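Engineer: The structure that follows is given in the form of structure tokens.
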Amino acid sequence: MAIGGFVDWRGNPIKREVHGGVRAAWFMYFLTVATNMVNVPILLNLVTYLRGTMHMGVSGSATTVTNFVGATSGFSLIGAFLSDSYITRSKTILLFGPLEFLGYGLLALQAHVPSLHPPPCNIEAELSNCKEVRGWNATLFYTALYISAFGEGCMRACLPSLGANQFDHEDPSESRQQSSFFNWFTFGISFGGFVGLIFMVWLENYKGWDIGLGLSAILILLGLLVVAAGLPFYRNQVPEGSPLTRILQVLVVAFRNRRFELCEELEEAQESSAERGSTKVLSQTNSLKFLDKACINHGNEGAWSLCSMMKVEETKIVLRMLPLFVSSMIGYVSNPIIFTFTVQQGGMTNTRLGKIHVSPATLFIIPITFQMVMLAIYDRFIVPFLRKRTGYSNGITHLQRIGIGFASMVLASIIAAVVERKRKEDAVQMSLFWLVPQFFLLGVSDVTSFPGLLEFFNSEAPRGMKSIATALFWCEIGLASLLATFLVQVVNRATRHGHKGGWLEGTSLNNSHLDLFYWVVAVVGLLGFVNYLYWAKKYVYHQDPRIIDEPSVDQDSP
């Protein structure tokens, strides 16, 4: 049976029994694992390369990493706009993904050729004799770095949305599979990061950065080849033009018609809602009624004088999601703070597990391991159990799942404060195992809030804005990290007295006040959680999260 609005890679109508489903999703899982085997270790280990090989200063290397992360999120918006407006998501991945391969290839070449980077030296012992990367070599480095960021950003925006397109949310069976896709997509991120932190970091630090970066380029290329091999099986959504233009048209026309009175029924809007290329007419809602004035026909024609009900309802969906976007960003602030400082706490504990010494960088494996185990348990056991009792296809709603994650972050902050106080008061170095509860709660938040937010933005966004919604999700994570940095700076400035530094300005955690800062984080997290609950309670779902008893007769929508 064909599904309207979707085509195969050659532009022909698709068939349910041939295209989409779990088989198509497996190709995307592979690319997810391959890219995160590269990207997670690079994010955590790039400072080592910048300091040891490029001889950058402490602030310069840290800024380069944060700029790289921010650029990746920003570039994802470009890829999302192109895939939603003009080209399919699979083509966007295959068109821009090779740029990431090219970027890592250039970085590997630079690391391998001695003339393309500064001469070796010990930056800690011979600081005055170490030359920082300059001139053409610096240009080559930044060009390669941001080329890879552009390719990764475009793939990051399109991959979750392309995966979700392989399942019809109006079909009971495929709706459940779509929810599982986001769980296993998150599992792929964790598994790729797990393997990368063990193998890739070791390769980069002990066998050479040229080998590590070269293998990274090969992994990216292998992932792209596997995704290309799956082209005959994908359901590709037909782009419907710029969604941002449609939203702007509604806002402009509604403002122009602000003095007109709304009729009981907007017949003109209903007639014009069945636009060319449109496969589903959204039902009229009673919220944000002032936007309905964009549908009033007062004799003028054209997209900037009269809008269809479809455009108006798409705009309403986006505006209704904005408060949750902001409140979720505030609620997520605790996560990067707890994650970063928990690893630093781990470096101050007894990290010996029998005869094995666990390095601080390797501690990232602990929350990732928790996350992988809990994701498998959640998807295979908890969701089916809850589905039978709640009637929701995902076991619980997206917003409930996100709320559980935010609550676990608040609890993790409180436990972390108590544990840090105990660590400072103990005469004997405490065991790493004292950090297990907060590592566990970090895993809970990543199992709930991370995939919950990703699935919420993707499922609730209008059909022509799925990639942009995914890109906004990644931007939200990045903005939450920036807010976390801002909170650290504010607390340090507020607690600084004369020559006495702020709570987190000590030379080590032993002469800092991380325990008090954790309490501040707990309060901020609680306020963010309460704010999130307010907006979540008011939100009305565009896509019904309950189980559909019978398959939909209308096969026009994805």
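Engineer: Taking segment 509-525 as the region of interest, how many residues are farther than 16 Å from VAL418 by Cβ and open to solvent by 40 Å² or more (accessible area, probe 1.4 Å)?
Structural biologist: Result for segment 509-525: 3.
Engineer: Restrict the check to segment 55-75 and report whether at least one residue is in contact with a helix residue (DSSP H, G or I) (Cβ under 7 Å, 6 or more places away or on another chain), at pLDDT below 85 and in a loop (DSSP other than H, G, I, E, B).
Structural biologist: The answer is yes; a qualifying residue exists.
Yes or no, residue by residue, for (1) over 26 Å from the mean Cα position of the chain (by Cα); (2) at pLDDT 90 or above:
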position	(1), (2)
ALA149	no, yes
GLN177	no, no
SER180	no, no
TRP184	no, yes
GLY192	no, yes
LEU213	no, yes
ILE220	no, yes
PRO232	yes, yes
GLU264	yes, no
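Engineer: Please indicate, with yes or no, whether at least one residue in segment 244-265 is open to solvent by less than 30 Å² (accessible area, probe 1.4 Å), part of a helix (DSSP H, G or I), without any contact (Cβ under 8 Å) to a residue 60 or more places away in the chain and among the hydrophobic types (A, V, I, L, M, F, W, C).
Structural biologist: yes
Engineer: Same structure, new question: State yes or no: is LEU107 more than 30 Å from ALA461 (Cα to Cα) and in the same structural domain as ALA164 (by the TED database)?
Structural biologist: yes
Engineer: Kindly provide the set of residues from segment 502-518 that are farther than 12 Å from ILE337 by Cβ and assigned to a helix (DSSP H, G or I), ordered by number.
Structural biologist: Result: LEU509, ASN510, ASN511, ASP515, LEU516.
Engineer: Under the condition of being open to solvent by less than 30 Å² (accessible area, probe 1.4 Å) and of a type in the set (Gly, Ala, Ser), which residue from segment 24-56 is nearest to the chain's Cα centre (by Cα)?
Structural biologist: Per the stated criteria, the residue is ALA34.
Engineer: If you don't mind, another one. From LEU399, LEU411, which residue is surrounded by 21 or more Cβ atoms within 10 Å (Cβ to Cβ), assigned to a helix (DSSP H, G or I), aliphatic (A, V, I, L, M) and assigned by the TED database to the domain that holds VAL540?
Structural biologist: Working: LEU411 fails: surrounded by 21 or more Cβ atoms within 10 Å (Cβ to Cβ).
So the residue among LEU399, LEU411 that is surrounded by 21 or more Cβ atoms within 10 Å (Cβ to Cβ), assigned to a helix (DSSP H, G or I), aliphatic (A, V, I, L, M) and assigned by the TED database to the domain that holds VAL540 is LEU399.
Engineer: Ok, one more. When VAL326 is evaluated against the numbered criteria (1) closer than 19 Å to ALA254 by Cα; (2) β-branched (Val, Ile, Thr); (3) under 24 Å from the mean Cα position of the chain (by Cα), which criterion, by number, is the only one it fails?
Structural biologist: (1)
Engineer: If I ask for residues that are in a helix (DSSP H, G or I) and open to solvent by 30 Å² or more (accessible area, probe 1.4 Å), which ones from segment 488-501 would you list?
Structural biologist: Residues satisfying the conditions are VAL488, GLN489, VAL490, ARG493, ALA494.
For (1) open to solvent by 60 Å² or more (accessible area, probe 1.4 Å); (2) over 21 Å from PHE187 (Cα atoms); (3) in a helix (DSSP H, G or I); (4) in contact with a His (Cβ under 8 Å, 6 or more places away or on another chain), each residue gets a yes or a no:
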position: PHE381; (1), (2), (3), (4): yes, no, yes, no
position: GLY405; (1), (2), (3), (4): no, no, yes, no
position: VAL418; (1), (2), (3), (4): yes, yes, yes, no
position: VAL428; (1), (2), (3), (4): yes, yes, no, no
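The values are calculated or read from the model by the stated rules, or taken from the named source; none is laboratory data. All values derive from a computational prediction rather than experimental measurement. Every residue, glycine among them, receives a Cβ derived from its backbone with ideal geometry; neighbour counts consider all protein chains shown. Heads up: the accessible areas ignore ligands, DNA and RNA and are worked out on the full protein's heavy atoms, side chains in. Shrake-Rupley method; radii C 1.70, N 1.55, O 1.52, S 1.80 Å.
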